[in-house]
Amino acid sequence: MTTLYLDLGMGAAGDMLTAALLELLPQRRAEFLQVMNGLGLPGVSVTAESSVKCGITGTHINVSVHGVSEHSVDVDDHPDASAGNEHHHGEGGEHHHHGDAHDHGTSHDHHHPHDPHGHEDHEGARGHTHSHISFPQVVEVVNGLDIPEQARADAIAVYSQLAAAESAVHGLPVDQVHFHEVGEADAIADIVGACLLMSWLAPQRVLASPVHVGSGKVRCAHGIVPVPAPATERLLRGIPVYGGTIRGELCTPTGAALLKHFVDEFVPALPAMTVTAAGYGMGSKDFEAANCVRALLGELAETGSGDDVIELSCNLDDMTGEAIGYAQQQIFAAGAVEVFTTAVSMKKGRPGVLLTCLCPPAAAEEVVRAIFRHTTTIGVREHLCHRHTLDRVEQTVATRYGDVRVKVASGYGVRRSKPEYADLVTIAEREGISLDQAAGAVIDARSDQGQ
């Protein structure tokens, strides 16, 4: 399975993601720049330059509008600078800050929503007036670009994510969210560029590491806000993120929206895969760590699957077996995927039961509620676990006694199958045969079918 893996240890910005993807397609570099500079976006120029960070050579994408690449401000780095001043900050990527703060690095990802007081123009640090463009107008612009249909659909979907985040943060209807027109030309180039390259790469699966968001505060047109900025935080809900000692904004709204749209799964570590190409998309700012997004393209190894689960447990010594059995049923109903008990010795040598539940992170709160509601415990322990699982599919096998469902599991060099117990029971009772005979009929049928 052709897989794209994104290493987001230094966050994500639209131009950095674009640069990393472009490095995976060196044979189409000239074609990409020709397409991007032929989009017809007023005053927009896109260049790809070699850049070195911590001894690593990669590509830096620069998007300028009428010859200007605008930059924004990290409060920690430039406490006296205003929001429109041209300073580098944060991660070093693009600055498409949709209503929250200016992004970090080179291009200008600063999208500020419509001023509720009616001030449609904003005086920038360079002394020029910024007009605004609405979300429907952005969609109109993207629909008019000469790009593949898939890239166009992806770009509009990414913008929909951005507009929805801005709408939620600022309490405005989506069609009333406005972006800075000058900054938006840059943002359109970043988003369209990433979507175009994804359509060319066409990976079957996209995986990514948890997102490093940085720390500190950033200055925007509305004041000083914490990192991650509100729209970024909104977009990253449900995605594993973390901060750190690096002061600055490492993930921009545009980067977050692109990740939310394209990434199929966020995994705690690089999975087992055979890498065929690597790309490094560089930001403009220098840190003690290489300021880049790394993209790895390759074939995912046949190792099965994996996911994160929450393990919830508690000790019980004052419930009957019947009550514990009922509690297990209710905990399953609340969203647990596994519920089991273990005999333990508790205080003063009393025999007890260790109740353990596994559930998806999204179901943890409901499962905890069910544990408290249906058991006598006064405390529940929680652990985040990553489990390795075989890939599972269900097949239907036609036997001389009728259809039987068969569960097939594979991965890690293993392949095994097991008939569905309930189907075997049905056959055994109906035909007056044993479970072994019913299972034997499945084996015979699969052999005849060459499975």
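Read the figures in this text as sums done on the coordinates, not as results from a lab. In this text, all values refer to a predicted model and were calculated from it rather than measured experimentally. Backbone-built Cβ (ideal geometry, glycine too); neighbour counts: all protein chains shown.
Tally Lys/Arg at +1 and Asp/Glu at -1 over every other residue whose Cβ is under 12 Å from the Cβ of GLY38; what's the total?
Numbers: positive: none; negative: GLU31, ASP146.
Taking every other residue near GLY38 into account, the sum is -2.
Cross-link candidates for LYS285: which lysines have Cα within less than 21 Å, leaving aside residues fewer than 8 places away along the same chain?
Qualifying lysines at Cα under 21 Å: LYS53, LYS217.
What three numbers, in Å, describe the spread of the alpha carbons of segment 188-277 along their principal axes, ordered from the longest?
The Cα atoms of segment 188-277 stretch 44, 30, 22 Å along their principal axes.
What do you get when you divide the Cα radius of gyration of segment 305-389 by 2.2 N^0.38 Å, with N the number of residues? Could the numbers behind the result be given before it?
Working: Rg = 12.8 Å, N = 85, 2.2 N^0.38 = 11.9 Å.
Segment 305-389 yields a ratio of 1.08.
Placing unit charges on C-beta atoms (Lys and Arg positive, Asp and Glu negative, everything else neutral), compute the dipole magnitude of segment 187-270 about its Cα centre in debye, rounded to 20.
On the way: 7 positive and 5 negative charges, 47 e Å.
Its charge dipole is roughly 220 debye.
Using Cα centres only, tell me the gap between segment 387-410 and segment 1-60 in whole Å.
So the separation of the two Cα centres works out to 44 Å.
How big is segment 391-448 along each principal axis, measuring the range of its Cα positions in Å and listing the largest first?
39, 22, 16
Taking the number of other C-beta atoms within 10 Å as the exposure measure, put GLU49, GLU23, GLU366 in order starting with the fewest. Each step should come with its number before you reach the end.
Values: GLU49 11, GLU23 23, GLU366 15.
With the sparsest Cβ surroundings first, the list reads GLU49, GLU366, GLU23.
Could you give the size of the charge dipole of segment 305-389 about its Cα centre, using +1 on the Cβ of each K and R and -1 on the Cβ of each D and E, expressed in debye and rounded to the nearest 20?
Details: 7 positive and 10 negative charges, 72 e Å.
It works out to roughly 340 debye.
Sorted by mean Cβ packing within 10 Å, highest first, what order do the peptides 151-164, 234-247 take?
Working: 151-164: 21.4, 234-247: 16.5.
Result, highest mean first: 151-164, 234-247.
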